[in-house]
Amino acid sequence: MPRPRLIIDCDPGHDDAIALIVAHRHAEVVGITTVSGNAPLDATTANALMVTALLDADTPVHRGAPKPLVGEPAHAAAVHGESGLGGVARIAHARRAASDDAVGFLLDAADEALWVVAVGPLTNLALALERDPSWGRRLAGISIMGGSTDIGNVTRVAEFNTFADPEAAARVFDCGALLTMCGLNLTRQLRSNDALAKRLRRADSPLAQFAAQSFDDLHDRIEGLTGVREAALHDPCAVLAVTHPELIETRRQAVSVELEGTLTRGMTVVDQRPHTPDGGAARRGADAPTANVAYTIDADEAMAVVVEALGVESDA
Ligand code: RIB
Ligand code: CA
């Protein structure tokens, strides 16, 4: 299969950084766009630039939205640190953002062979749709790390990326593009632990050392929050949905984003009712599907792909 062409819209973030590494190993990454999310826009942009330096990749980084469509920015310093990449040694480099116009870059780059992998709040994508409502349909597809078919991680039911900009998420989920949703129900199945961090530390690979530092920091913070030294590798799942679709099982279902609920704002409401062929009046069928909703991942194989992308031999 030819290497897919993609743009990654991200808010690095440790798992965003691993997603960038996996994407550069298995796809033609034509650009990176950054958004406020795990950390403020300046930080997520600086982190994306640092990862391109770590990769020695000439991938352009375009700055995007500093805040959501409505309200003020939400960040995740408790998980990723104030910098967005807590615990990771900074890499010196002289790289600068290619532009401050992530939305213009997303619009100009759109064609039927281009995927957009969105692993942060969906503000940039929503702004692109505001300028061109057909944009999503002109892409090969949009693979999203966001939402959940079950519980949330910011509220009982809302996941961070959709919670941070619900209006943007609603616009993207309604845009008519070929959508894949990798929600928390899926991404929690791909987990890092201390054994993995130890294995990466032993590897003679700058990418593996970066990842080991990332996992150590994530595990320290998450242990403080939950008592467990593990982290879900959320964002790489959305890349694997494009580069290794055979590893992820999806179902065609309707997905909408709640905007009004006091307890449910930012929730992805997934219609899991069975489809009835005729949807007859007597038996209310499911609403027309709008996304490929991911439910299971071959976590062992997926982790093998991630570890190989980090420069670690399979038997190491
Ligand atoms: O809820 C997980 C998502 O929020 C991931 O994209 C992580 O990087 C954070 O942005
Ligand atoms: Ca992210």
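The values are calculated or read from the model by the stated rules, or taken from the named source; none is laboratory data. Note that this is a predicted model, so its numbers are computed, not measured. Don't worry about glycine lacking a Cβ; one is built from the backbone with ideal geometry, like all the others, and counts go over all protein chains shown.
So the values come out like this:
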{"read-out": "Subset of the stretch 209-222 that is surrounded by 22 or more Cβ atoms within 10 Å (Cβ to Cβ) and of a type in the set (A, V, I, L, M, F, W, C) - its residue that is nearest to ligand 2 (Cβ to nearest atom)", "value": "Leu218"}
{"read-out": "Number of positions in the stretch 22-51 that are more than 10 Å from ligand 2 (Cβ to nearest atom), over 13 Å from the mean Cα position of the chain (by Cα) and either part of a helix (DSSP H, G or I) or without any contact (Cβ under 8 Å) to a residue 12 or more places away in the chain (or both)", "value": "13"}
{"read-out": "Matching residues in the stretch 148-172 - criterion: being touching a Lys or Arg at 6+ places or on another chain (Cβ under 8 Å) and aliphatic (A, V, I, L, M)", "value": "Ala158"}
{"read-out": "Among residues of the stretch 228-249, those that are surrounded by fewer than 16 Cβ atoms within 10 Å (Cβ to Cβ) and either within 14 Å of ligand 1 (Cβ to nearest atom) or of a type in the set (Asp, Glu) (or both), counted", "value": "2"}
{"read-out": "Some residue of the stretch 82-104 being surrounded by 22 or more Cβ atoms within 10 Å (Cβ to Cβ) and away from ligand 1 (no atom under 15 Å from the Cβ)", "value": "yes"}
{"read-out": "Members of the stretch 155-184 found to be β-branched (Val, Ile, Thr), within 16 Å of ligand 2 (Cβ to nearest atom) and within 15 Å of Leu259 (Cα to Cα), listed by number", "value": "Thr162, Val172"}
{"read-out": "All positions within the stretch 250-264 that are surrounded by 17 or more Cβ atoms within 10 Å (Cβ to Cβ) and touching a Pro at 6+ places or on another chain (Cβ under 6 Å)", "value": "Gln253, Ala254, Val257"}
{"read-out": "Residue among Leu186, Leu207 that is within 13 Å of ligand 1 (Cβ to nearest atom) and among the hydrophobic types (A, V, I, L, M, F, W, C)", "value": "Leu186"}
{"read-out": "His75 within 14 Å of ligand 2 (Cβ to nearest atom) and modelled with pLDDT of 95 or more", "value": "yes"}
{"read-out": "Residue count, the stretch 1-11 (criterion: in contact (Cβ under 8 Å) with a residue 24 or more places away in the chain, in a loop (DSSP other than H, G, I, E, B) and more than 8 Å from ligand 1 (Cβ to nearest atom))", "value": "2"}
{"read-out": "Qualifying helices (runs of 4 or more DSSP H) (wholly inside the stretch 123-202; at least 1 residues being surrounded by fewer than 23 Cβ atoms within 10 Å (Cβ to Cβ) and either in contact (Cβ under 8 Å) with a residue 12 or more places away in the chain or hydroxyl-bearing (Ser, Thr, Tyr) (or both))", "value": "123-131, 166-173, 184-187, 194-202"}
{"read-out": "Among (1) in contact with a helix residue (DSSP H, G or I) (Cβ under 9 Å, 6 or more places away or on another chain); (2) surrounded by fewer than 16 Cβ atoms within 10 Å (Cβ to Cβ); (3) in contact (Cβ under 8 Å) with a residue 60 or more places away in the chain; (4) not in a helix (DSSP H, G or I) - the single one Leu225 does not satisfy", "value": "(4)"}
{"read-out": "Hits in the stretch 12-35 - residues which are away from ligand 1 (no atom under 11 Å from the Cβ) and under 17 Å from Ala74 (Cα atoms)", "value": "Thr34"}
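Okay, residues lined up against (1) modelled with pLDDT of 95 or more; (2) closer than 24 Å to Glu159 by Cβ; (3) of a type outside the set (Val, Ile, Thr):
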position	(1), (2), (3)
Val270	yes, yes, no
Pro277	no, no, yes
Ala282	no, no, yes
Ala286	no, yes, yes
Val293	yes, yes, no
Met303	yes, yes, yes
Val307	yes, no, no
